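Colleague: Supplied in structure tokens, the structure appears directly below.
The values are calculated or read from the model by the stated rules, or taken from the named source; none is laboratory data. Keep in mind that this is a model prediction, so the values were computed, not measured. Don't worry about glycine lacking a Cβ; one is built from the backbone with ideal geometry, like all the others, and counts go over all protein chains shown.
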């Protein structure tokens, strides 16, 4: 039987201290979003993915997982489709800095951010820049779920470079939250932003909020992808626990 994931919010302060004192100075912050995912998927898709992968990897490694952030920078989804709740990029960056401050205060010196929403990346990267400047002793890393391995990258992008609510995301949702998926409502849409010179909001390039081929989604494909994501992130965490700065004596 696999071990249980280590969920930060379910620990007492003494248990957090025990993990730290036993030599684990690493924790994970999963970051998702609450945003439209076409007419067939729930608003929680990115949050669900970030948390599931982080907790799965925690069960394999024992690395504690902070409570998932369910809001991200989703401004590009506009208000055309109701349901999206977005932070401004500067707010998301500031949230990361403030969370890192308290992680460091608890005695942890390594923080990995696992991101599951494309336009969270730039704000999170800005937060990372501030963190490594303000606290040089805190090692901060940022990983996107779709970039955990070349094979995973291909799975996410095979039906659309600018994917959203596509086959990969829909298959994951069919595996993780099947009761919330309405596959009969899924409508395939091409990636109309391919080759464009400018960046456009989703409502300027998609009629339903979807980019890709969700009609091809299957729960078994989602189970396979989820297992790949968990294994790849667990391997990343194992490497992160051992890593030393390149010029450290």
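Colleague: Take residue 17 and decide whether it is assigned to a helix (DSSP H, G or I), touching a helix residue (DSSP H, G or I) at 6+ places or on another chain (Cβ under 8 Å) and either modelled with pLDDT of 95 or more or under 23 Å from residue 92 (Cα atoms) (or both). Walk me through it before giving the result.
Modeller: Details: assigned to a helix (DSSP H, G or I): yes; touching a helix residue (DSSP H, G or I) at 6+ places or on another chain (Cβ under 8 Å): no; either modelled with pLDDT of 95 or more or under 23 Å from residue 92 (Cα atoms) (or both): yes.
No.
Colleague: Further, regarding this structure: Looking only at region 105-142, count every residue that is crowded, with 19+ Cβ neighbours inside 10 Å and touching a residue at least 60 places away in the same chain (Cβ under 8 Å) and tell me the total.
Modeller: Qualifying residue count for the region: 12.
Colleague: Right, something else. Determine if region 176-183 includes at least one residue that is over 24 Å from residue 112 (Cα atoms), in contact with a strand residue (DSSP E or B) (Cβ under 8 Å, 6 or more places away or on another chain) and without any contact (Cβ under 8 Å) to a residue 60 or more places away in the chain.
Modeller: No, region 176-183 has no match at all.
Colleague: Going through region 152-185 one residue at a time, which ones are in contact with a helix residue (DSSP H, G or I) (Cβ under 8 Å, 6 or more places away or on another chain), surrounded by fewer than 17 Cβ atoms within 10 Å (Cβ to Cβ) and not in a loop (DSSP other than H, G, I, E, B)?
Modeller: Listed by number, the residues that qualify are 153, 157, 178, 180, 183.
Colleague: Looking at region 59-73, can you tell me whether even one residue there is modelled with pLDDT of 95 or more, within 22 Å of residue 127 (Cα to Cα) and surrounded by fewer than 19 Cβ atoms within 10 Å (Cβ to Cβ)?
Modeller: yes
Colleague: For region 186-194, does any single residue satisfy the condition of being modelled with pLDDT of 95 or more, buried (at least 18 other Cβ atoms within 10 Å of the Cβ), out of contact with any helix residue (DSSP H, G or I) (no Cβ under 8 Å at 6 or more places or on another chain) and closer than 20 Å to residue 50 by Cβ?
Modeller: Among the residues of region 186-194, not one is modelled with pLDDT of 95 or more, buried (at least 18 other Cβ atoms within 10 Å of the Cβ), out of contact with any helix residue (DSSP H, G or I) (no Cβ under 8 Å at 6 or more places or on another chain) and closer than 20 Å to residue 50 by Cβ, which makes the answer no.
Colleague: Also: Which one is surrounded by the most Cβ atoms within 10 Å (Cβ to Cβ), of the residues in region 237-249 that are in contact with a strand residue (DSSP E or B) (Cβ under 9 Å, 6 or more places away or on another chain) and part of a helix (DSSP H, G or I)?
Modeller: 237
Colleague: May I ask you to verify whether residue 100 is touching a strand residue (DSSP E or B) at 6+ places or on another chain (Cβ under 7 Å), surrounded by 17 or more Cβ atoms within 10 Å (Cβ to Cβ) and under 28 Å from residue 225 (Cβ atoms)?
Modeller: Answer is no for this residue.
Colleague: Can you tell me which residue is farthest from the chain's Cα centre (by Cα) among those in region 26-54 that are more than 15 Å from residue 174 (Cα to Cα) and assigned to a loop (DSSP other than H, G, I, E, B)?
Modeller: Here the residue is 36.
Colleague: Which one is surrounded by the most Cβ atoms within 10 Å (Cβ to Cβ) among residues in region 203-236 that are in contact with a strand residue (DSSP E or B) (Cβ under 7 Å, 6 or more places away or on another chain) and in a helix (DSSP H, G or I)?
Modeller: Within region 203-236, the match that is surrounded by the most Cβ atoms within 10 Å (Cβ to Cβ) is 233.
Colleague: Which residues, taken from region 121-146, are over 13 Å from residue 99 (Cα atoms) and in a helix (DSSP H, G or I)?
Modeller: Across region 121-146, the qualifying residues are 121, 122, 123, 125, 126, 129, 132, 133, 134, 145, 146.
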